[in-house]
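The values are calculated or read from the model by the stated rules, or taken from the named source; none is laboratory data. Computed from a predicted structure; not experimentally measured. Backbone-built Cβ (ideal geometry, glycine too); neighbour counts: all protein chains shown. Keep in mind that these areas ignore ligands, DNA and RNA; they rest on the heavy atoms of the full protein, side chains included. Shrake-Rupley method; radii C 1.70, N 1.55, O 1.52, S 1.80 Å.
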Amino acid sequence: MTSIPSWGPPGPTLPGTTLERHVLDRQRAMPGATGDFTGLFQQISLAAKIIGSKVHKAGLTRFLGLTGEVNVQGEQVQKLDIFANNTIVSCVEAGGHVCVMGSEEVDEPIPVRDPFPPGKYVLQFDPLDGSGNIDVNASIGTIFSIHRRKTPSGPGSLEDCLQPGRDIVAAGYVIYGSSNMFVYAAAGGVHGFTFDPAVGEFFLSHENIRIPKRGRIYSINEGNYNLWEPGMRRWVDWIKRPDAEHGRPYSHRYIGAMVADFHRTLLKGGIFAYPPDTKHEHGKLRLLYEASPLSFVCEMAGGAASDGSGRVLDIEPTALHQRTPLYIGSADDVADAVRVMNEAE
Ligand code: AHG
Ligand code: MN
Ligand code: MN
């Protein structure tokens, strides 16, 4: 007989901490916790595993290409966009933890259908971010945020969806790339989990992620240069102008899937931006299921996110699919961008 059981002392599970265990441990520490939050994460992580599996087999299973439809944003819909949307909706509504969902691919809020009970949370998501990368084997992802419901009971509504990012309870993203990763932010910080396909689980690989205060990379679609306002052009000119003392010029990286560009920015520092231009009066990115969740993750990791004049998390949403300019990343780089673009002529 040994005094320590053979499965080891209490603490992280061996050989690693699963996403489920991580969320559960943190929820147990919260007074009055019911397990709803852990349950919702289980549903999201199940959806992520199913989507990840489909993404990796897409070329084999003729699941690439367009459906022939155009979504509420006026964009071509990929088959995988719809598959990812439907997978998340059906996994999550069956769990009974949300009262309503909001998705990039669906015009109106998605109520939970009978016979599933409406829960106390609201889930908003971009089922597949960076759809343009699907057919070329580059990274794509899923972005999500969770709020508490505002309406008291019954099916949720638009009112539950239109909440500012500062009231997010948890947010995160999944990257389907060279490996699949699940990153989430909640009161306990930002943590990353890497998928082990042999086990079929996400394991903690990046504990307590902190974004560097300053980076050396800027990420923006510079093809839009001549469509930007003068202040924006001034900042990009400034960041490219050699200045050895301050570490400029910065390097430029742009994958074209925000979730992948943001993930690099979170780990290495720097800035990702999608400003307004003559084609996109308010920028291209959607507030509720792209900009807000990643702004929450970024702030929780010690970074910043601005719409050019204020904090993205303080924007009061008025429409499910509203767009916002976004400057997100290392705190010093975001402050520089806002300062230089707003300098007097
Ligand atoms: P989605 O695929 O969900 O529509 O999002 C695409 C977004 C975002 O991921 C990316 O940063 C941006 O569109 C790229 O836009 P440009 O091609 O205009 O640079
Ligand atoms: Mn997107
Ligand atoms: Mn999308």
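Is it true that D160 is within 16 Å of ligand 3 (Cβ to nearest atom) and among the acidic types (D, E)?
Numbers: within 16 Å of ligand 3 (Cβ to nearest atom): no; among the acidic types (D, E): yes.
No, not satisfied.
Under 9 Å between Cβ atoms, at least 6 apart or on separate chains: pull out the pairs that start in segment 22-47 with a residue that is over 17 Å from V190 (Cα atoms) and end on any residue that is among the polar types (S, T, N, Q) and assigned to a helix (DSSP H, G or I).
Close Cβ pairs (under 9 Å, with a partner that is among the polar types (S, T, N, Q) and assigned to a helix (DSSP H, G or I)) amount to R28/T38; A33/Q27; T34/Q27; G35/Q27; D36/Q27; L46/T87; A47/T87; A47/S90.
Quick check on my filter: what residues within segment 210-222 are of a type in the set (S, T, N, Q) and either open to solvent by less than 20 Å² (accessible area, probe 1.4 Å) or in a strand (DSSP E or B) (or both)? Quick ask: steps written out before the conclusion?
To start, the set of residues in segment 210-222 that are of a type in the set (S, T, N, Q) comprises 219, 221.
Matches in segment 210-222: S219 only.
Being assigned to a helix (DSSP H, G or I) and within 13 Å of ligand 1 (Cβ to nearest atom) is the filter here, so list the residues in segment 232-266 that pass it. Before you say what the answer is, go through the steps one by one.
Keep residues of segment 232-266 that are assigned to a helix (DSSP H, G or I), which gives 232-240, 244-246, 258-266.
Selection gives M258, V259, A260, D261, F262, H263, R264, T265.
In segment 327-341, which residues are over 13 Å from P275 (Cα atoms) and in a helix (DSSP H, G or I)? So that I can check it myself, show each step before the final result.
To start, the set of residues in segment 327-341 that are over 13 Å from P275 (Cα atoms) comprises 329-333, 335-336, 339-340.
Of everything in segment 327-341, those that are over 13 Å from P275 (Cα atoms) and in a helix (DSSP H, G or I) turn out to be A331, D332, D333, A335, D336, R339, V340.
Checking the condition within 16 Å of ligand 2 (Cβ to nearest atom), under 22 Å from P127 (Cβ atoms) and open to solvent by less than 10 Å² (accessible area, probe 1.4 Å), which residue from A171, A185 passes?
Criteria check complete, one pass: A171.
Select the strands (runs of 3 or more DSSP E) contained entirely in segment 16-126, then report the ones holding at least 2 residues which are open to solvent by less than 10 Å² (accessible area, probe 1.4 Å) and touching a Pro at 6+ places or on another chain (Cβ under 9 Å). Working first, answer last.
Details: elements: 66-70, 76-78, 98-103.
So the answer is 98-103.
What about G130, is it within 16 Å of ligand 2 (Cβ to nearest atom), under 21 Å from the mean Cα position of the chain (by Cα), surrounded by fewer than 24 Cβ atoms within 10 Å (Cβ to Cβ) and within 26 Å of S306 (Cα to Cα)?
Answer is yes for this residue.
Take the residues in segment 133-145 that are aliphatic (A, V, I, L, M) and more than 10 Å from ligand 2 (Cβ to nearest atom); name whichever of them is surrounded by the fewest Cβ atoms within 10 Å (Cβ to Cβ).
Initially, segment 133-145 is screened for residues aliphatic (A, V, I, L, M), giving 134, 136, 138, 140, 143.
The next check asks that each one be more than 10 Å from ligand 2 (Cβ to nearest atom); those that pass are 134, 136, 138.
On the way: I134: 23, V136: 8, A138: 14.
Looking at residues that are aliphatic (A, V, I, L, M) and more than 10 Å from ligand 2 (Cβ to nearest atom), I get V136.
Working carefully through the options F144, F193, find the one that is away from ligand 1 (no atom under 16 Å from the Cβ), hydrophobic (A, V, I, L, M, F, W, C) and not assigned by TED's automatic domain parsing to the domain that holds A331.
Checking each option against the conditions leaves just F193.
Taking the condition basic (K, R), surrounded by fewer than 19 Cβ atoms within 10 Å (Cβ to Cβ) and not assigned by TED's automatic domain parsing to the domain that holds G74, does R286 pass? Steps first, answer last, please.
Working: basic (K, R): yes; surrounded by fewer than 19 Cβ atoms within 10 Å (Cβ to Cβ): no; not assigned by TED's automatic domain parsing to the domain that holds G74: yes.
So R286 fails the test.
Can you pull out every residue in segment 127-149 that is assigned to a strand (DSSP E or B), of a type outside the set (A, V, I, L, M) and either farther than 23 Å from I168 by Cα or touching a Ser or Thr at 6+ places or on another chain (Cβ under 9 Å) (or both)? Steps first, answer last, please.
The first filter runs over segment 127-149 and keeps only residues assigned to a strand (DSSP E or B), leaving 127-129, 140-148.
Checking which are of a type outside the set (A, V, I, L, M) leaves us with 127, 129, 141-142, 144-145, 147-148.
Within segment 127-149, P127, D129, S145 qualify.
Among (1) open to solvent by 30 Å² or more (accessible area, probe 1.4 Å); (2) assigned by TED's automatic domain parsing to the domain that holds G270, which single condition is V236 missing?
It fails just one condition, (1).
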